[in-house]
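Colleague: Handing you this structure, nothing more for now.
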């Protein structure tokens, strides 16, 4: 095996070639030696052999730096002070040189690992640099190549049936602009069509934040759902009080999400009943809520809310219900999108007869926005859905590079395969450590896997000590969010680490 | 004078050295020849001599490209399809090679001109590339150098008295997160302090979007103000119906902004009365509105709303009133900040005895967020003010490069000087073309100048034909938003172009 010299860091000696499946691809790379030498980034594609934890986390260097940072920036939610220059692939490195296998991935937002060579190349391109230094107001002054950038990137992976996009900055504004599109769509229909002008009363009342100009309508979301933390999105977020306390909210309706019991096979009837009850509640709210919902927003898997799944049949039912009542269906794929469930979009698992009306995206896409298909979702006049930047071409170019790499390496299929492998191993752990890997879920959903642990926060802290960076969700879930380059060997290391923690907590 | 070869473009023959004030600085540049040759960007600092309009706008190339783009992206607000690779300094170039002097600057968001050499250098740095390809979740995993990036950039230009920052993505979420901070601050005070725990009722009601957990409180804004277009910010935006129609809004209060009469010297008493009346209305709303305001948000100059100014005395009065009633003052410097008024922050013109509680920023900063000083504006628990990305180190690094360049070239002082020069020229135009440069305003406010025109939209369209890219605001204002590199020679070209238009419309 070839030996390669890496710059600095504590894990030089443990560096080994990547797994064969990746190595065969890497050998085709054409980076020149001079480009490599000029870089302060790690050699692409190479990773440490295993995690390595040398100090407490935070260690002495991190502690000093955190104290300095805290003077100007709130650090109370800080997890690890990270050395991104030294982080590589699936491994995150902290300020003290601790090397952790990262299955949290910046809250599920790193698609291809740290210092990915394909993204490095994209970041160095003139196109990217142009996007950085000449940031356009996309609605007014789009670049000449904007159609090309969209079609070769964001729209190349558009969900089936949705061929247009409104670009945004992050998940929250992607959802909120989708909500705005839904409100305008609904009011235009009520008004009699796109061609009907606003009334004087609508014009004047809108400036007073009063109906009819500011309508008494709503977005329906689900209990324990998460859709962002700005004022509109937070009104649909129902994850935890700490996300919502002291912030004014719209009095919008929420339906119960069908909280399934596991193993699914043992609770088929109860779960089907829970899903039917949820759909009945949705229908009741659509018909009876004092602020009529103009859209239902739903995550394919409630992610922040605790990794709550529902069956494809449930989502097909939801699509049927929303169509029946002329209400839009917005699928929030901010966390589930871009391959992690073993399909590019998680809602592909549902086999819908009619696509969602809008699909929102961000995180692993590194850009954001909502896809749509119906031309009537473009409001009837310009400047109704508008803001200064309306997205970011630099990040759209990055997403294009991500898409290219996902396709070139077959990373969606790889994630489906590795997820199945990992799930099997976790089933083994669940058998060996009763009570510690409760409600294991995400079978057949790629690496988007979670389980409940009675001492969840302790579990996460102990995992860090054995070199695993891992996140929680909801009240008691441990959520796995590996990157798309996570392979069987990483799954082995992960399970080995989790078993150490389970032994300790047994 | 040295002659330089530029790549492509229609204005090679007209290229001349930049004004002496900039040339003396450019000669100190140290870009290597090889770096220059490897680039597809224009030679730094050089500009065409004058605008050059060869086709209709949009011309044939643009028309075809816009039709293609419109299939996937709403183009109805499109102003010019822009060739950013060919745009340089103060000049924007469209798809057909038309070269316009740009005093709109991507809705006031380009600080240093197109393809600025200092930003090019920053964009090529390993630090920037690291920020692009390894985007952190800043609240959980900040980079080891995040304190340094903040202190040497965003915080280096922090408004006096405000030494901390919460970073965001754009103006809308900068304002909304500032509002959230204000609501939490208020409720913590009402609860008896940071240490007081939430009640069970607060916890449970917050999940239902009901008081007391989701409090019946408000943000007070001003009529014709603009603070963004997401649900919370839009509830404080009072610019135009087209911005607000069909979007549900919080029933928050608005006060009348003192609409001054010009020339100011001729209407001193009436203007003072208008400002006093506005302050009285603010006080009345603070004391009597059913949703008590916990903050007042105000722009130093109402920008989207029509370039409405008020006197420093008005703002000092507003600061005094808000302090008197324990209400926070949020100054929205998204459009006014970063030098355009001849001070780095427009509120520096006010000579406030106590700083604003929060100052929000974006646009020319190319990043976003809110500055604050009071440690109690950090909510009492982690994860209350939080989101996945919480800003963007890549854009923070860009802002640092902008700040460095602004300081190195003295661009705030330069803008103050050029603004005075430009204002004098416009006074001349106003005298020669009665009725066309109405209510000329922005004297002493750098290049942040505006005037009213009875046929505003025609005026803007005609300006384009003579090579001036310029924007409107409010119902009838033409707003000038040159970049900070706008010099006397550009002011001469601008005035020459405006005079051509005025003659035609006379």
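Colleague: Could you identify the single residue in A:246, A:332, A:266 that is buried (at least 24 other Cβ atoms within 10 Å of the Cβ) and more than 25 Å from the chain's Cα centre (by Cα)?
Modeller: Of the residues listed, the single one that is buried (at least 24 other Cβ atoms within 10 Å of the Cβ) and more than 25 Å from the chain's Cα centre (by Cα) is A:246.
Colleague: Additional query: Would a scan of the stretch B:462-469 turn up a residue that is surrounded by fewer than 21 Cβ atoms within 10 Å (Cβ to Cβ) and without any contact (Cβ under 8 Å) to a residue 40 or more places away in the chain?
Modeller: Within the stretch B:462-469 (the criterion being surrounded by fewer than 21 Cβ atoms within 10 Å (Cβ to Cβ) and without any contact (Cβ under 8 Å) to a residue 40 or more places away in the chain), the answer is no, since none of the residues qualifies.
Colleague: Under 6 Å by Cβ, and 6 or more places apart or on different chains, what pairs join a residue from the stretch B:237-266 that is assigned by TED's automatic domain parsing to the domain that holds residue B:473 with one that is buried (at least 17 other Cβ atoms within 10 Å of the Cβ)?
Modeller: From residues that are assigned by TED's automatic domain parsing to the domain that holds residue B:473, there are no pairs.
Colleague: Please go through the stretch A:173-191 and pick out each residue that is facing chain B (nearest Cβ under 7 Å) and closer than 21 Å to residue A:359 by Cβ.
Modeller: A:173, A:176, A:180, A:183, A:184
Colleague: Given the criteria in contact with a strand residue (DSSP E or B) (Cβ under 6 Å, 6 or more places away or on another chain), facing another protein chain (nearest Cβ under 7 Å) and buried (at least 23 other Cβ atoms within 10 Å of the Cβ), does residue B:238 qualify?
Modeller: yes
Colleague: Take residue A:257 and decide whether it is buried (at least 21 other Cβ atoms within 10 Å of the Cβ), part of a loop (DSSP other than H, G, I, E, B) and over 19 Å from the mean Cα position of the chain (by Cα).
Modeller: Judged against the criteria, residue A:257 is a match.
Colleague: On the given criteria, is residue B:170 touching a residue at least 12 places away in the same chain (Cβ under 8 Å), on the phi < 0 side of the Ramachandran plot and more than 8 Å from chain A (Cβ to nearest Cβ)?
Modeller: no
Colleague: Does at least one position in the stretch B:339-355 carry a residue that is more than 14 Å from every other protein chain (Cβ to nearest Cβ), on the phi > 0 side of the Ramachandran plot, in a loop (DSSP other than H, G, I, E, B) and surrounded by fewer than 24 Cβ atoms within 10 Å (Cβ to Cβ)?
Modeller: yes
Colleague: Moving to a separate point now. Filter the stretch A:55-70 for residues that are touching a strand residue (DSSP E or B) at 6+ places or on another chain (Cβ under 8 Å) and either facing chain B (nearest Cβ under 9 Å) or not in a loop (DSSP other than H, G, I, E, B) (or both) and give the result.
Modeller: Within the stretch A:55-70, just A:62 meets the criteria.
Colleague: Hey, among B:159, B:136, which residue is within 30 Å of residue A:232 (Cβ to Cβ), more than 8 Å from chain A (Cβ to nearest Cβ) and surrounded by 20 or more Cβ atoms within 10 Å (Cβ to Cβ)?
Modeller: B:159
Colleague: Would it be correct to say that residue A:285 is at pLDDT 95 or above and within 14 Å of chain B (Cβ to nearest Cβ)?
Modeller: The answer is yes for residue A:285.
Colleague: Return the residue satisfying two criteria in turn: it lies in the stretch A:427-448 and is buried (at least 24 other Cβ atoms within 10 Å of the Cβ) and touching a helix residue (DSSP H, G or I) at 6+ places or on another chain (Cβ under 6 Å), and of such residues it is farthest from residue A:106 (Cα to Cα).
Modeller: Among those residues, the one meeting the criterion is A:446.
Colleague: For the stretch B:206-216, indicate whether the set of residues that are in contact (Cβ under 8 Å) with a residue 24 or more places away in the chain, buried (at least 17 other Cβ atoms within 10 Å of the Cβ), facing chain A (nearest Cβ under 9 Å) and in contact with a strand residue (DSSP E or B) (Cβ under 8 Å, 6 or more places away or on another chain) is non-empty.
Modeller: no
Colleague: Name the residues in the stretch A:381-401 that are in contact with a helix residue (DSSP H, G or I) (Cβ under 7 Å, 6 or more places away or on another chain) and assigned to a helix (DSSP H, G or I), would you?
Modeller: A:393, A:394, A:396, A:397, A:398, A:399, A:400, A:401, listed by residue number.
Colleague: Assess whether residue B:194 counts as being part of a loop (DSSP other than H, G, I, E, B), touching a residue at least 40 places away in the same chain (Cβ under 8 Å), crowded, with 24+ Cβ neighbours inside 10 Å and more than 10 Å from chain A (Cβ to nearest Cβ).
Modeller: no
Colleague: Here's a follow-up. Among the residues of the stretch A:95-133, write down those that are more than 7 Å from chain B (Cβ to nearest Cβ), within 19 Å of residue B:143 (Cβ to Cβ) and either touching a helix residue (DSSP H, G or I) at 6+ places or on another chain (Cβ under 6 Å) or in a loop (DSSP other than H, G, I, E, B) (or both).
Modeller: A:96, A:97, A:98, A:104, A:108, A:110, A:111, A:112, A:113
The values are calculated or read from the model by the stated rules, or taken from the named source; none is laboratory data. What you see is a predicted model, and the numbers here were worked out from it, not measured in a lab. Positions of Cβ are backbone-derived with ideal geometry, glycine not excepted, and every protein chain shown enters the neighbour counts.
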